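The values are calculated or read from the model by the stated rules, or taken from the named source; none is laboratory data. Note that this is a predicted model, so its numbers are computed, not measured. Cβ atoms come from the backbone with ideal geometry, glycine included; neighbour counts cover every protein chain shown.
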Amino acid sequence: MEARWLSELVILVGLFGVVLAYRRPLPRRTISVPLPMDADPDTSPQQVHISQVGQNNMKISWITQSPTPAIVHYAPSPQANASFATGSTSSYSYLAYQSGQIHDVVIGPLNPNTLYYYRLGDPPSSTQYSFKTTPPSFPLKFAIVGDLGQTDWTRSTLQHVANSSYDMLLLPGDLSYADTVQDRWDSYGRLVEPLASQRPWMVTQGNHEIETIPVLHSQPFTAYNARWRMPFEQSGSDSNLYYSFDVAGVHVIMLGSYTDFDSDSAQYKWLVGDLQKVDRNKTPWLLVLLHAPWYNSNTAHQNEPQSYDMKASMEDLLYQARVDVVFAGHVHAYERFTRVYKDKADNCGSVYITIGDGGNREGLASKYIDPKPEISVFREASFGHGILDVVNATHAQWTWHRNDDDEAVVADSVWFNSPSTVPNCKV
């Protein structure tokens, strides 16, 4: 407990440092999103979000307070419900909190790059939702944002993401910042529903998802695993904390910074096997997402084992596989490194990008190590989001959009050329 109080004191000191020294945006108020007034509090679907399962299926997830059938009616036309699928329902307890009924239904096979309409429950709910499936091939556009939280800055970020016409959102951990207050998970689900119900959101966990309390609740990731169940089984993983998937010529690997990662761990062995299965002829791009950054020139979150020990354990695997880009969160700022390996510039290494700037309630990490390391190309403590536009098998454009007075401003932009196409870097 003493360590916990010291940690909280450090956070408070850091926050006051941001308020006093930082001249750009300050933290904004935490918001709470209630159930709409006209919704039935017991049976109305809420917190709807979708995730991609395989190449041709989507999983629809939602919550009702009372038991209702886990059924999705869907069709590529708003006037018809040509198909339906059934799924499973679960719930969880956390101290005195009892979750609603969490429904998960996989629908498909679906046509690529197609708009589908759907209704939830049986009889179907009055609310009609829609989503667009991902394209079968390039171009493909990812929205990427970490440490999202639920503040007024989060609203600004989500609005900018909504305007980007993205195909899929990737989130490298720290979703709701519920931090054991389970009602905050419900508020978060309602906050992101307008976007998460229309495009697949693929996420991995951060430290704010752990939510253990000594003696009282020892099971980590209880709410995260129940509410945001990703398709880990399809990639041969035995844990919701790490998995992979393919989408339109890109292989995406989600790693867990807060589960075992040494060479004897299940995650490490799974990663070795997953990388061996990658066929760069079918998926020429290879991305990795994790929460705690392996490269970081911000003064925040230095010397943490989730960063340095995981890097020591797994960096060789990613380098040998010629991973294109590694995205991380955790540090509440933006930073892009050049292609790097073992702390040195390397044309065959991965680009490392920290994007933990979605809008969290803790504020920005405004202090950087001086002088700036040569391998750090661009760094700035502002809220924002990133867009990775994979144009074809060899080229992709990355842009980071700063939230500047609620306008999305392109502050960093670069073209990537996959190292797997470079003769001396080919796997």
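Brief remarks on what is shown
- Selection count where residues are buried (at least 20 other Cβ atoms within 10 Å of the Cβ) and in contact with a strand residue (DSSP E or B) (Cβ under 6 Å, 6 or more places away or on another chain), scope region 54-77: 11
- Pair list, Cβ under 6 Å, 6 or more apart: region 345-365 residue more than 14 Å from V145 (Cβ to Cβ), other residue polar (S, T, N, Q) and surrounded by 24 or more Cβ atoms within 10 Å (Cβ to Cβ): A365/N298
- Here H208 meets the list (1) within 23 Å of V106 (Cβ to Cβ); (2) within 14 Å of the chain's Cα centre (by Cα); (3) not small (G, A, S) almost entirely, failing just condition (1).
- Region 85-129 - residue that is in a loop (DSSP other than H, G, I, E, B) and among the hydrophobic types (A, V, I, L, M, F, W, C) and, of those, farthest from the chain's Cα centre (by Cα): A96
- Filtered residues of region 260-316 (kept if of a type in the set (D, E, K, R) and in a helix (DSSP H, G or I)): K269, D274, K277, D309, K311, E315, D316
- From the list S313, S265, S307, the lone residue that is buried (at least 20 other Cβ atoms within 10 Å of the Cβ), small (G, A, S) and more than 17 Å from H251 (Cβ to Cβ) is S307.
- Residue check: T354 meets all listed conditions (1) under 18 Å from A411 (Cα atoms); (2) touching a Cys at 6+ places or on another chain (Cβ under 7 Å) but one, namely (2).
- Residue in region 354-371 that is surrounded by the fewest Cβ atoms within 10 Å (Cβ to Cβ), counting only those that are in contact with a Ser or Thr (Cβ under 6 Å, 6 or more places away or on another chain) and not hydrophobic (A, V, I, L, M, F, W, C): K367
- All positions within region 130-143 that are outside any loop (DSSP other than H, G, I, E, B) and either out of contact with any Gly (no Cβ under 9 Å at 6 or more places or on another chain) or of a type in the set (F, W, Y) (or both): S130, F131, K132, K141, F142
- Boolean, G349 is under 21 Å from the mean Cα position of the chain (by Cα) and assigned by TED's automatic domain parsing to the domain that holds D152: no
- Those residues of region 386-425 which are part of a strand (DSSP E or B), crowded, with 20+ Cβ neighbours inside 10 Å and either modelled with pLDDT under 95 or outside the structural domain of K367 (by TED's automatic domain parsing) (or both), in sequence order: H401, R402, N403, A408
- Residue within region 178-189 that is at pLDDT 95 or above and under 30 Å from T394 (Cα atoms) present: no
- Leading residue by the ranking (nearest to S420 (Cα to Cα)) among those in region 334-364 that are assigned to a loop (DSSP other than H, G, I, E, B) and in contact with a Gly (Cβ under 7 Å, 6 or more places away or on another chain): G356
- Residue under evaluation Q219, criteria (1) within 30 Å of S165 (Cα to Cα); (2) not in a helix (DSSP H, G or I), criterion not met: (1)
- Residues considered: A80, A21. Of these, the only one that is at pLDDT below 95, in contact with a Phe, Trp or Tyr (Cβ under 9 Å, 6 or more places away or on another chain) and exposed (fewer than 15 other Cβ atoms within 10 Å of the Cβ) is A80.
- Lone qualifier among T259, T299 - being surrounded by fewer than 22 Cβ atoms within 10 Å (Cβ to Cβ), touching a strand residue (DSSP E or B) at 6+ places or on another chain (Cβ under 8 Å) and at pLDDT 95 or above: T299
- Considering only residues in region 139-165 that are surrounded by fewer than 22 Cβ atoms within 10 Å (Cβ to Cβ) and hydroxyl-bearing (S, T, Y), the one that is farthest from Y334 (Cα to Cα) turns out to be S165.
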